[in-house]
Structure formats: structure tokens, C-alpha cells
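Trainee: Dropping a structure here in C-alpha cells format, bear with me for questions.
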Amino acid sequence: MKTAVVIGATGDVGRGIVPALSGAGYRVAAVGRSMAKLDLLNEDLAIPDLVLVEGSVGSTAEAARLAEALTRAALRPEVIVVTVNGQATGLPLRDL
């Protein structure tokens, strides 16, 4: 099964993209800064195989920690969707 990572999954745009990707056959990893908000997303969407990952790309250090978390979870995405506004890390996500 193909994997997609949605960074900013708990926001308005992410809440629309997560179920769309799941419906298209992707295993989705929902990334957000708050585990409480990710848990609410999980309850609201009720996607059985949704993977919840707490993390951020707000800085290079945070993006590196997120990359490590995705690696530990054995998530090698074919698709990465970033729905957040804010500070760029200066590094391409594919390099992280």
C-alpha cells in the first residue's frame, strides 16, 4: 500500500486532504503539533489505519525530529502534503 504524509493534518485543509488520500487507497500518516488535536482528528474521521505522528516543520531541528519519527514508524511516503503556513526550514522535505 502506498503511504502519504499530511503535515498540518489537524487544520481545515488537512482535515479534507486526509480522508481524500485514504479514500484513494493511501495509508495516511497525519502529522500535527498537538497529539490532543491528532486524537480528535482520529475520532472525527474514524479511518482504521490512520497513523498519528506528533511533529512540526517549524524549524530545521523540528523537521529533523519529525523525519526521525517517520523513519522509526517505518513510513516511507510516496506523497508528502504540507498544509501549514509559517517558517520554512530551508531544507527540502525529501532530504529530511
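Trainee: Pairs please, first residue from the stretch 35-52 and touching a residue at least 40 places away in the same chain (Cβ under 8 Å), second anywhere and among the charged types (D, E, K, R) and surrounded by 10 or more Cβ atoms within 10 Å (Cβ to Cβ), Cβ atoms under 6 Å, 6+ apart in sequence or on different chains.
Mentor: Final answer for the pair search is none.
Trainee: Being more than 12 Å from the chain's Cα centre (by Cα), on the phi < 0 side of the Ramachandran plot, modelled with pLDDT under 95 and not in a helix (DSSP H, G or I), is that true of even one residue in the stretch 5-17?
Mentor: So far as the stretch 5-17 goes, no, none of its residues is more than 12 Å from the chain's Cα centre (by Cα), on the phi < 0 side of the Ramachandran plot, modelled with pLDDT under 95 and not in a helix (DSSP H, G or I).
Trainee: Also: Which members of the stretch 44-88 meet the condition of being of a type in the set (Gly, Ala, Ser), in a loop (DSSP other than H, G, I, E, B) and open to solvent by less than 60 Å² (accessible area, probe 1.4 Å)?
Mentor: Gly55, Ser56, Gly58, Ser59, Ala73
The values are calculated or read from the model by the stated rules, or taken from the named source; none is laboratory data. Not measured: the values here are computed from a predicted model. Cβ atoms come from the backbone with ideal geometry, glycine included; neighbour counts cover every protein chain shown. Calculation scope for accessible area: heavy atoms of the full protein, side chains included, ligands and nucleic acids excluded. Shrake-Rupley method; radii C 1.70, N 1.55, O 1.52, S 1.80 Å.
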